[in-house]
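Structure record follows, encoded as structure tokens.
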Amino acid sequence: MAEKVLMKGNEAIGEAAIHAGCRYYFGYPITPQSELTAYMAKRLLKIEGAAFIQAESEIAAINMVYGTAATGGRVMTSSSSPGISLKQEGISYIACAELPCLVVNMQRGGPGLGSIQPAQQDYFQATKGGGHGDYHLIVLAPSSVQELVDLTIKAFDLADKYRNPAMVLGDGLLGQMMEPVEFREKKNADLPSKEDWALGSCKGREPRKVVPFNLDPYELEKLVAKIGKKFEKMQDEVEYELINMDNPDIIIVAYGTVARVARTTIQKAKQEGINIGLIRPITLYPFPYKIINQYADKVKHILVSEMSLGQMLEDVKLAVEGKTKVSFYGRTGGVVISPTEILQEVKKILK
Amino acid sequence: MNKVFSRPKSLVDIPFTYCPGCHHGIIHRLIAEVLDEFNIREDTIGIAPVGCSVFAYLFFDCDMICAAHGRAPATATGIKRAKPDNIVFSYQGDGDLASIGTAEIIHAANRGEKITVIFVNNAIYGMTGGQMAPTTLEGQITQTSPYGRDSKTMGMPIRMCELLSTLNTPSYISRVALTKPSYIIKAKKAIKKAFQFQIDGKGFSLVEVLSTCPTNWGLSPQEANEWLDKNMIPYYPLGEFKNSEEVS
Amino acid sequence: MAKVVIDREKCKGCELCTLVCPQNILVMSKSFNKKSYHPVEQINPEKCTGCAFCAMTCPDVAIEVYK
Ligand SMILES: Cc1ncc(C[n+]2csc(CCOP(=O)(O)OP(=O)(O)O)c2C)c(N)n1
Ligand code: SF4
Ligand code: SF4
Ligand code: SF4
Ligand SMILES: [Mg+2]
């Protein structure tokens with residue numbers, strides 16, 4: 001087993017990416033993820049054959065990612081909310097061209113320039129496509145520094161497996177947090193070879209074309225349908241954590257930072273004789289509809305808590321199918337929810 | 001009898017999608033000839049833009065990728081950095097390179113990316129039906145400058161070669177035209193030089209090709225050539241703006 | 001002795017080659033090709049010098065030259 005090291009979230013993502021074999025990083029500084037960009041500079045500029053570029057913009061960065069991804073290179077970019085908005089056209093191209101890459105979004109308060117404080121306001125953008133056209137990203141939502149590491153590695157593998165861009169959706173709090181982490185021996189993920197589609201030298205084979213368009217609507221429909229099939233398959237990748245789910249009075253659904261907060265709420269509540277369960281989606285796309293639906297039969301109340309006006313809330317409601325009451329508690333704009341606030345909300349509901 | 005002129009092998013044998021008399025076809029052929037002459041077709045990765053030449057991916061018999069509008073230099077950067085042993089060229093229109101993609105071309109040039117850019121300046125947005133480009137001449141009528149480009153509110157046409165030549169890092173920058181055989185011969189030489197710089201592992205190279213869009217200029221191919229000679233060449237002088245091999 | 005071979009079906013009838021031929025031996029045909037363009041034709045082929053100006057100018061790479 002590897003040794004544990006104390007690392008800041010943003011830097012841990014960087015080290016995890018390198019651990020996963022990522023040798024190409026293109027990004028543009030933005031708080032609260034700039035340490036990741038700097039970390040990649042420090043590491044990749046010292047590795048022969050690797051590339052780090054501080055791009056002229058997030059738009060350029062994602063289009064560099066597109067180029068490297070087309071050659072089969074393990075490649076990533078990272079940013080925070082406004083920068084991720086700028087990348088959307090490029091992400092849509094990458095999805096249409098069926099290329100793998102990793103995009104990290106350490107969310108901050110929005111809309112607009114917003115704030116630099118942690119938020120979860122980009123859930124819709126991350127899980128529903130974000131850019132134009134019918135596509136999804138694979139979206140993983142870590143809630144500890146160790147998970148930033150593990151899910152970064154996993155995101156690269158899933159991106160390769162499905163030839164689709166993947167996103168690690170964190171926030172400023174996770175990025176700035178220091179925790180001990182370990183970089184486990186890499187499992188052989190049994191990934192498909194890139195040999196039969198990557199651009200390079202066409203000696204001994206037909207030239208390859210990466211074409212994210214088709215002006216014939218019937219042909220484009222076929223392509224989109226083929227991509228759509230992948231999203232059906234991706235549903236098998238659903239991952240979540242169930243905490244304290246033994247006959248709870250109420251179930252909280254929360255991801256990322258808010259899920260961490262909710263764990264403390266659960267402990268506090270226990271002291272007051274209230275039994276709170278927590279469903280923590282780890283994959284936001286695919287979303288764990290099924291498990292939430294199953295528990296909707298067993299519990300009188302579900303409370304969704306997010307650092308937003310209520311975005312994942314819509315997916316939880318879809319999952320619940322009206323079988324039980326769904327309430328929401330959120331703070332937005334970069335305000336981090338406290339354990340006591342959630343507990344108060346729970347008490348209000350249970351009264 | 002020997003064949004003294006034939007279709008280059010690097011050009012797929014299918015008809016072009018371009019309008020009659022459009023220079024895109026000549027430019028494609030010149031690039032393909034250069035790929036043949038250097039025998040680099042199999043090692044070349046080309047980047048097609050968004051614009052009339054979005055179909056360039058069909059015409060070059062090498063690996064190709066279609067970039068987002070204006071972002072070809074960034075995509076080329078991503079490819080070249082991952083595949084430094086391949087030859088990477090981008091093909092871009094003037095709307096693509098000098099408007100929406102201004103930042104990408106300036107910074108790719110400034111980083112000295114070892115790529116070759118073929119920049120097709122036809123003073124108009126061809127694909128979208130003839131709107132004003134940043135290179136549209138003063139007074140030129142387009143769909144979005146229906147009373148002629150007014151420099152007071154629309155600015156003056158941008159000379160990209162001159163602008164990029166203010167940077168220290170680019171290795172080769174030149175502007176050519178195709179309105180007569182002597183120009184075409186020079187254009188071919190410039191494109192060949194641009195690729196030579198890349199093959200030699202030197203920095204960024206760009207050739208701007210003054211080009212016609214008979215369809216959206218509302219002129220016959222012949223009139224379009226004449227219009228280019230009369231109006232574009234005086235404003236966009238031909239020649240080399242940067243050649244890092246020549247010691248000054 | 002020189003010879004040009006014109007691909008009637010690739011020709012889009014733009015006339016640019018006719019303007020650069022020093023011998024003035026390229027003319028537009030009255031007939032149509034499959035794409036409804038009037039393709040170019042050579043008259044007085046014995047006058048052709050094989051200079052290839054026509055081929056060099058053709059945007060549709062419709063001309064081959066033999067010498
Ligand atoms: C982001 C984005 N904005 C706008 C367009 C629409 N568009 C397609 S081509 C084009 C202009 C092309 O002009 P130019 O680059 O000069 O190429 P040309 O067709 O003249 O060769 C525009 C505006 C687009 N495809 N994508
Ligand atoms: S619209 Fe203009 S640039 Fe486009 S193919 Fe036609 S002539 Fe060429
Ligand atoms: S090769 Fe020269 S002389 Fe012969 S047809 Fe062409 S332009 Fe005319
Ligand atoms: S230049 Fe080519 S396309 Fe135009 S008329 Fe001559 S042969 Fe035909
Ligand atoms: Mg144009």
The stretch C:4-36 to the stretch A:299-323: how many Å between their Cα centroids? 70
From the Cα gyration tensor of the stretch A:131-203, with a ≥ b ≥ c the square roots of its eigenvalues, which class applies: rounded if a/c is under 1.5, or else prolate if a/b is larger than b/c, or else oblate? oblate
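Return B:VAL88, A:VAL326, B:VAL12, C:VAL40 ranked ascending by Cβ neighbour count within 10 Å, so the fewest neighbours appear first.
Ascending Cβ contact count within 10 Å gives the list B:VAL12, A:VAL326, C:VAL40, B:VAL88.
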Relative contact order (percent, whole number), the stretch C:3-66, Cα cutoff 8 Å, 6+ residue spacing: 45
Under a point-charge model restricted to the Cβ atoms of Lys and Arg (+1) and Asp and Glu (-1), what is the dipole moment magnitude of the stretch A:12-170 relative to its Cα centre, in debye to the nearest 20? 160
Can you classify the protein assembly as shown as rounded, prolate or oblate using the Cα gyration tensor, where a ≥ b ≥ c are the square roots of its eigenvalues, rounded means a/c under 1.5, and otherwise it's prolate if a/b beats b/c and oblate if not? prolate
Rounded to the nearest 500, the 222 nm mean residue ellipticity computed for the protein assembly as shown from DSSP H runs (n ≥ 4, each -39500 (n - 2.57)) alone is -10500 deg cm²/dmol
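Only sites in a loop by DSSP and with at most 15 other Cβ atoms within 10 Å count here; which chymotrypsin sites (Phe, Trp or Tyr not before Pro) in chain C make the cut?
Numbers: sites: C:PHE32, C:TYR37, C:PHE53, C:TYR66; in loops: C:PHE32, C:TYR37.
Answer by residue number: C:PHE32.
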In which sequence would A:LEU303, C:LEU19, A:LEU6 go, from the one with the fewest C-beta neighbours within 10 Å to the one with the most? A:LEU6, C:LEU19, A:LEU303
Counting partner chain Cβ atoms within 10 Å of every residue's Cβ in A:50-63, what's the average? 6
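So what is the relative contact order for the stretch A:240-350, in percent, with contacts set as C-alpha pairs under 8 Å and at least six apart?
Working: 199 pairs, mean separation 33.5, N = 111.
Contact order relative to length: 30 percent.
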Between the stretch A:242-288 and the stretch B:10-58, the alpha-carbon center distance in angstrom: 59
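Checking the a/c ratio against 1.5 first, then a/b against b/c, what shape does the Cα gyration tensor give for the stretch B:94-171? All intermediate terms of the calculation are to be shown ahead of the outcome.
Details: a/c = 3.06, a/b = 1.98, b/c = 1.54.
Taking the square roots of the gyration eigenvalues as a ≥ b ≥ c, the stretch B:94-171 is prolate.
Loop only by DSSP, 15 or fewer other Cβ within 10 Å of the Cβ. Give me the chymotrypsin sites (Phe, Trp or Tyr not before Pro) in the stretch A:144-232 that pass, ordered by residue number.
Details: sites: A:PHE156, A:TYR162, A:PHE183, A:TRP197, A:PHE213, A:TYR218, A:PHE231; in loops: A:PHE183, A:TRP197, A:PHE213.
When the chymotrypsin sites (Phe, Trp or Tyr not before Pro) of the stretch A:144-232 are filtered for loop state and at most 15 Cβ neighbours within 10 Å, A:TRP197, A:PHE213 remain.
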Low-density loop cleavage sites - trypsin sites (Lys or Arg not before Pro) in the stretch A:1-40, where at most 16 other Cβ are within 10 Å (DSSP): A:LYS4
Taking the number of other C-beta atoms within 10 Å as the exposure measure, put A:ILE292, B:ILE79, C:ILE43, A:ILE116 in order starting with the fewest. C:ILE43, A:ILE116, A:ILE292, B:ILE79
Cα-based Lys pair tally, the stretch B:151-248, threshold under 19 Å, eight or more apart or on separate chains: 14
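If the only charges are +1 at each Lys and Arg Cβ and -1 at each Asp and Glu Cβ, what is the size of the charge dipole of chain A around the Cα centre, to the nearest 20 debye? Don't skip to the end; give the middle numbers.
Values: 41 positive and 41 negative charges, 58 e Å.
Roughly 280 debye for chain A.
Every read-out reported here was derived from the displayed coordinates using simple, explicitly stated rules and does not represent laboratory data. Source: prediction; values computed, not measured. Ideal geometry is used to build each Cβ from the backbone, glycine not excepted, and the neighbour counts take in all protein chains shown.
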